[in-house]
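Okay, so here's the structure we're looking at.
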Number of protein chains: 2
Amino acid sequence: MKSLEEKILREGKVLPGGVLKVGSFLNHQIDADFIMEMGREIARLFEGAGVTKILTVEASGIAIAIGAGAAMHVPVLFAKKSKTVNISGDVYQTVIHSFTHGVDYHVMVEKQFLQPDDKVLIVDDFLANGKAIEGLMNLATQSDATVVGVACAIEKGFQQGGDALRGQGLRVESLAIVERMDENGVVFRTQ
Amino acid sequence: MKSLEEKILREGKVLPGGVLKVGSFLNHQIDADFIMEMGREIARLFEGAGVTKILTVEASGIAIAIGAGAAMHVPVLFAKKSKTVNISGDVYQTVIHSFTHGVDYHVMVEKQFLQPDDKVLIVDDFLANGKAIEGLMNLATQSDATVVGVACAIEKGFQQGGDALRGQGLRVESLAIVERMDENGVVFRTQ
């Protein structure tokens, strides 16, 4: 998505340790109009896939998931994070390791909101090592719902998460894929 | 907002301890179309107020803030929660006590995203005792931005947060105000 690549080049900052900071429009301050535009692009990419529900994880995935949900007219379900295991039988839960924050999050969704006939599109802001996506797939699988694909705003192509998921046969659409980045700038993968 | 009151009556559940559960459309699973409709209503209420920025707090405030931001074509800034104090000089921070979870959250926003000439609309999903709103007002005040008002989806009118804020001269618009609720149902304040 050309407009996203341009926005990253204009507003993004590359920090040491492989961090791409896009807090001016994506995950701290959010450009609401642009989020809706990205949502429409995700809807276009997955048109005809029969998506019944969007699944994301709090907090920074919620905005783009709402953009996609509004464009596709389907509900958005966000997995909630907790430091503790929820022992209720009414939730599906799994563990996601965050390399960014160096902690394990227990994430959960209420069982009533994921049904076996759901066709789930997983949406997130970033795709790097793929741990968050794998956790969300795990939740969907527990419910016997079908995962029709993954849509992310920004994929770090130099980490292996996205390509590993594609290697499993999953449809992964990233609106921009960063092939490499350093203090000299950002280079995108041609899609 | 009649359609919100109807949705609460249809899908909401009153739990012991003054909890109104609306996880089917507002703060776990999100009805994306309805979030956009609520956002348009907030835009209508604050038309002409010159809002330049919407401020909310993660995680459950993000969805309705995006709805409002998309309708008003202004950026959405969400305060991030942390269990620890951020000692960086580049952030405004304050503490919000959550009665629901029984903990104090340190919340922060990066200074660059709140400027003295900003006219801030604070948006959240729930308004009960008003502690989250007060925390967000505190962040805005530190930046010398002007708070033009508060917009919430659901206010618990039987708690005192909303009316206390109004008593301070702040404009507070809630799309539905629950006057009382118990196992027999929910009664709304006439607005």
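The values are calculated or read from the model by the stated rules, or taken from the named source; none is laboratory data. Note that the structure is a prediction, hence the values are computed from the model and not measured. Please note: Cβ atoms are built from the backbone with ideal geometry, for glycine as well, and neighbour counts cover all protein chains shown. Accessible surface areas use protein heavy atoms only, side chains included; no ligands, DNA or RNA. Shrake-Rupley method; radii C 1.70, N 1.55, O 1.52, S 1.80 Å.
Can you give me the Cα centroid spacing of region A:69-143 and region B:118-191 in angstrom? Spelled out, the Cα-based centre of one part sits 30 Å from the other. Find the sum over both chains of the accessible area lost when B and A are paired, probe 1.4 Å, and report it in Å² to the nearest 100. That pair of chains buries around 2700 Å² in total. Each label was represented as a point 7 Å from its Cα along the Cα-to-Cβ direction; for residue A:189 and residue B:103 these points are 3.6 nm apart. Split the accessible area of chain B by element, probe 1.4 Å, and carbon with sulfur accounts for 49%. Dividing the Cα radius of gyration of region A:60-113 by its Kirkwood radius returns 1.04 for Rg/Rh. With all protein chains kept in place, the per residue accessible area of region A:33-159 amounts to 38 square angstrom at a probe of 1.4 angstrom.
Taking only the alpha-carbon positions of region A:104-151 and ignoring solvent, what does the Debye formula give for the base-10 log of I(q)/I(0) at q = 0.13, 0.23, 0.33 Å⁻¹? For the requested q values the scattering log ratios are -0.28, -0.85, -1.34. For the protein assembly as shown, the mean residue ellipticity at 222 nm estimated from helices alone is -8500 deg cm²/dmol, where every DSSP H run of n ≥ 4 contributes -39500 (n - 2.57) and the total is divided by all residues, rounded to the nearest 500. Which of the three applies to region A:14-73, rounded, prolate or oblate, going by the alpha-carbon gyration tensor with a ≥ b ≥ c and a/c under 1.5 meaning rounded? It comes out prolate by the Cα gyration axes.
For residue B:81 and residue B:112, the FRET efficiency from 1/(1 + (r/R0)^6), where r spans their Cβ atoms and R0 equals 25 Å, is about 0.80. Which pairs, out of A:156/B:111; A:80/B:7; A:156/B:131; A:111/B:156, put more than 32 Å between their alpha-carbon atoms? Distance filter (> 32 Å) returns A:156/B:131. Within the listed set B:99, B:158, B:78, the Gaussian network model of chain B (springs between alpha-carbon atoms below 10 Å) gives the highest mean-square fluctuation for B:99.
Local charge for residue A:144 was computed over the other residues whose Cβ lies under 10 Å away, with Lys and Arg +1 and Asp and Glu -1, and equals -2. Rounded to whole Å, the principal axis extents of the Cα atoms in region B:57-191 read 50, 33, 27, largest first. Once the Cα-Cα distance is subtracted from the 0.36 nm per residue extended length, the residue A:160 to residue A:37 segment shows a gain of 41.6 nm. Electrostatic tally near residue B:162: other residues with Cβ closer than 10 Å to its Cβ, Lys and Arg +1, Asp and Glu -1, net 0.
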